[in-house]
Amino acid sequence: MTDRTRWLNGLTPDAAREQFCRCCGATWWCDQMAASRPFADERALATAADAAFDAMPRDAWLEAFTSHPKIGDVDSLRMKFAGNKEWSGGEQAGVSTADEATIQRLADGNDAYAARFGYLFIVCATGKSATEMLAILEGRLGNDDATEFSIAAGEQRKITHLRLAKLEPQ
């Protein structure tokens, strides 16, 4: 057992849920994770996260997606979603050096994506430049609904796993 899993196991259900909501904005997922404790180790934590994702209903996925800021939208990075805002800015650091034309194309692409699919474009932005994220966004606009939802869900999983690894005993 690691310090992280020991700490998560020792939290009250409400406190555990609060920590999990820092990683994923889906209340349903957070509730499942809090109820999945105790975790024997980091692998058990990751397995529980994936098991909860595997069973997660579509409306919970959509709730998770809405907890993220729009890629490249500075105002959105100042969002009200306390669970995700502490890490979103760092995850989207690649946008901070983008030129105005790229940022405008990201904004336009985000609008087109939301109009096409009905939810926010989500990508695991960690380590990606604005140009890379723009290419991903533009490439995904041609997907059918089912394919895109599956890709978006996969990106949500990646982001959540990265954030679970950032949780530290408080």
What full-extension length gain, to one decimal in nm, is calculated for Thr147 and Glu18 as 0.36 nm per residue of separation minus the Cα-Cα distance?
-> 43.3 nm
Cβ charges +1 (Lys, Arg) and -1 (Asp, Glu), total dipole of the stretch 3-57, debye = 100
Net lengthening on full extension, Arg6/Thr27 (0.36 nm per residue, minus Cα-Cα) | 5.3 nm
Quotient of Cα Rg and 2.2 N^0.38 Å for the stretch 1-50, N being how many residues it contains | 0.99
What does the convex hull of the alpha-carbon atoms of the stretch 114-170 project to on average, in nm²?
-> 4.7
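Where a number appears in this text, it was derived from the coordinates with a stated rule and is not lab data. It should be emphasised that the depicted structure is a prediction, and the values quoted were computed from it without experimental measurement. Please note: Cβ atoms are built from the backbone with ideal geometry, for glycine as well, and neighbour counts cover all protein chains shown.
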